[in-house]
Amino acid sequence: MLVAKLVPKDWISLSQSCKSITLIAQFCQQSQLDAPLFINILDVYEPAVSELVNLIERLCNFEVSVAEGRFVVNAFVDESLDEQKSTYLRLPEILTEVSCHRQIALIDDDIADERSSSVNQSNILFTCR
């Protein structure tokens with residue numbers, strides 16, 4: 001299987017090229033120029049080219065994609081992807097919570113071990129954010 005690697009600028013170029021083709025074809029038609037290639041593009045391919053431009057712009061967040069140097073999908077395109085992005089953004093909070101629970105469990109284990117060995121434990125202060 002052949003896999004293409006496109007960078008955000010490639011998607012932007014494709015979108016702009018499609019828009020340009022449509023504009024040139026419309027100009028040729030309105031100016032009544034003898035440009036059968038562009039008139040044919042407008043008559044036959046324009047709906048598909050416009051749909052492609054709309055699809056690319058609906059999917060790709062160009063501004064963020066260029067800033068991050070990777071393809072970034074707009075929100076509300078795919079629910080599963082939105083959930084994954086949300087989890088990724090909350091990852092520091094999730095990891096902190098897991099760490100706190102683990103540390104509390106370890107302290108509880110230590111207290112239980114110390115009580116079973118008859119060692120008197122004083123107050124333990126532990127704070128999780």
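Observations
- The stretch 89-103 residues that are under 25 Å from Ala75 (Cβ atoms), paired with ones that are of a type in the set (Val, Ile, Thr) (beta carbon under 9 Å, 6 or more apart): Ile94/Thr87
- Search result, residues across the stretch 71-129 that are more than 30 Å from Leu55 (Cβ to Cβ), modelled with pLDDT of 85 or more and not aliphatic (A, V, I, L, M): Pro92, Glu93, Thr96, Glu97, Ser99, Cys100, His101, Arg102, Gln103
- Positions within the stretch 48-78 being open to solvent by 60 Å² or more (accessible area, probe 1.4 Å), outside any helix (DSSP H, G or I), in contact (Cβ under 8 Å) with a residue 40 or more places away in the chain and of a type outside the set (A, V, I, L, M, F, W, C), in sequence order: Arg70
- Sole exception among (1) touching a strand residue (DSSP E or B) at 6+ places or on another chain (Cβ under 7 Å); (2) in a loop (DSSP other than H, G, I, E, B) for Leu81, by number: (2)
- The residues of the stretch 58-106 that are among the β-branched types (Val, Ile, Thr) and either under 22 Å from Val7 (Cα atoms) or in contact with a Phe, Trp or Tyr (Cβ under 6 Å, 6 or more places away or on another chain) (or both), listed by number, are Val64, Val66, Val72, Val73, Val77.
The values are calculated or read from the model by the stated rules, or taken from the named source; none is laboratory data. Since we're looking at a predicted model, the values are computed, not measured. Positions of Cβ are generated from backbone atoms using ideal geometry, with glycine treated the same way; all protein chains shown enter the neighbour counts. These accessible areas exclude ligands, DNA and RNA; they are computed on the full protein's heavy atoms, side chains included. Shrake-Rupley method; radii C 1.70, N 1.55, O 1.52, S 1.80 Å.
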